[in-house]
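**Q** Mind looking over this structure? Questions follow.
The values are calculated or read from the model by the stated rules, or taken from the named source; none is laboratory data. What you are looking at is a predicted structure, and each value in this text was computed from that prediction instead of being measured. Cβ coordinates were reconstructed from backbone atoms using ideal geometry, including for glycine residues, and neighbour counts include every protein chain displayed.
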Amino acid sequence: MHPLVERIKKKDIRALAKAITLVENDHEEKLELLSDIFAMKKQAIYVGLTGSPGAGKSSLVNRLISHVRAEGKSVAVIAVDPTSPFSGGALLGDRVRMNEHFTDDGVYIRSMATRGSLGGLARTTKDAVRICDAYGFDVVIVETVGVGQSELDIMKIVDTTAVVLTPNSGDVLQIFKAGIMEIADLFVINKADLHGVGKLKALLRELVMMTMTEHHETAIVKTISTENKGIDELWEKIQAHQQFLYHTEAGKVRRTQQQQLEVYELIREEIWRDVKQFIEARNDLPVIDPNDDPYMLAKTCFEKWKREGGTKHGG
Ligand SMILES: Nc1nc2c(ncn2[C@@H]2O[C@H](COP(=O)(O)OP(=O)(O)O)[C@@H](O)[C@H]2O)c(=O)[nH]1
Ligand SMILES: [Mg+2]
């Protein structure tokens, strides 16, 4: 077993932080470590909160932490910002909003940004979520700033995705265009103290009806995070969705499909790593002139790699 995993087993929080950094840096021990981590999988609930900047995600996470802690459960939060190459930036505000929980042993908060990992931010975030699960956190919350495709990728890593909207923000059209309907497991109308709540709810209800499957109806919850309202219902709906995923046949089918997709993604990452090493080991970089045909060069490289059996055999 990897030494960091041994330490995580003994509830060493510094080892948890180190393990996430190791994964972020694409360390060569990554897959071995993550495989040990996967074997330690517990029963954590994986929740994602996504939405536009300023929708109130961090405020909601802060309230959810308190709610879940009151039930005696521990919580890890991973705040992801795909727009920022560094940790910090927009996340600084999040740190302020979750400040009261920083001294609580039952709470772990970590920021992640685009820096690092070959597999991309979504991949690294999923690995970080699993590390938190292995450590023994009961709930793992991922907060992401919504920006199109990377938002969609990041949503795929949790079990239950809540899309946070606010009245009169115009986000609904965006959601419909970006294909978020298919990925949203529940909608949160935050800032329900503002005008336009009824209109937004009616619109969402229509969209939900249009895209509803026979297995699970996407819930719509109203919250006012500044007044701590609606948080209990939000938590209830999250748990109801978990119930669907883990205790129904349709939920099992969905989880199986997700796991298959993940294996394909990991294979893609491994192949890419190997092809790149193969090319670099030969100092056989494909583009010499900016006018070179990228299609033919990619094809030639890939075929050479296949013919020579990758880095292991070709050297
Ligand atoms: N009126 C109102 N403001 C809120 C509510 N929830 C959050 N806010 C405010 O919205 C701003 C952005 O909140 P934040 O949690 O940082 O949003 P995030 O960018 O989605 O994480 C802050 O000034 C919050 O105080 C709410 O329910 N009602
Ligand atoms: Mg935030």
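**Q** Pick out the one residue from Arg268, Arg254, Arg273 that is in a helix (DSSP H, G or I), of a type in the set (Lys, Arg) and in contact with a His (Cβ under 9 Å, 6 or more places away or on another chain).
**A** Working: Arg268 fails: in contact with a His (Cβ under 9 Å, 6 or more places away or on another chain); Arg273 fails: in contact with a His (Cβ under 9 Å, 6 or more places away or on another chain).
Of Arg268, Arg254, Arg273, the one residue that is in a helix (DSSP H, G or I), of a type in the set (Lys, Arg) and in contact with a His (Cβ under 9 Å, 6 or more places away or on another chain) is Arg254.
**Q** Pull up the stretch 17-49, narrow it to residues that are within 15 Å of Met112 (Cβ to Cβ) and of a type in the set (Gly, Ala, Ser), then point me to the one that is surrounded by the fewest Cβ atoms within 10 Å (Cβ to Cβ).
**A** Ala17
**Q** So Phe244 passes all but one of these: (1) farther than 19 Å from Gly48 by Cβ; (2) surrounded by 13 or more Cβ atoms within 10 Å (Cβ to Cβ); (3) aromatic (Phe, Trp, Tyr). Which condition number does it fail?
**A** Only one criterion in (1) farther than 19 Å from Gly48 by Cβ; (2) surrounded by 13 or more Cβ atoms within 10 Å (Cβ to Cβ); (3) aromatic (Phe, Trp, Tyr) is unmet by Phe244, namely (1).
**Q** Still on this model: Which residue out of Leu207, Leu194 is part of a loop (DSSP other than H, G, I, E, B), in the same structural domain as Ala70 (by TED's automatic domain parsing) and either surrounded by 14 or more Cβ atoms within 10 Å (Cβ to Cβ) or on the phi > 0 side of the Ramachandran plot (or both)?
**A** Working: Leu207 fails: part of a loop (DSSP other than H, G, I, E, B).
When all the criteria are applied, what remains is Leu194.
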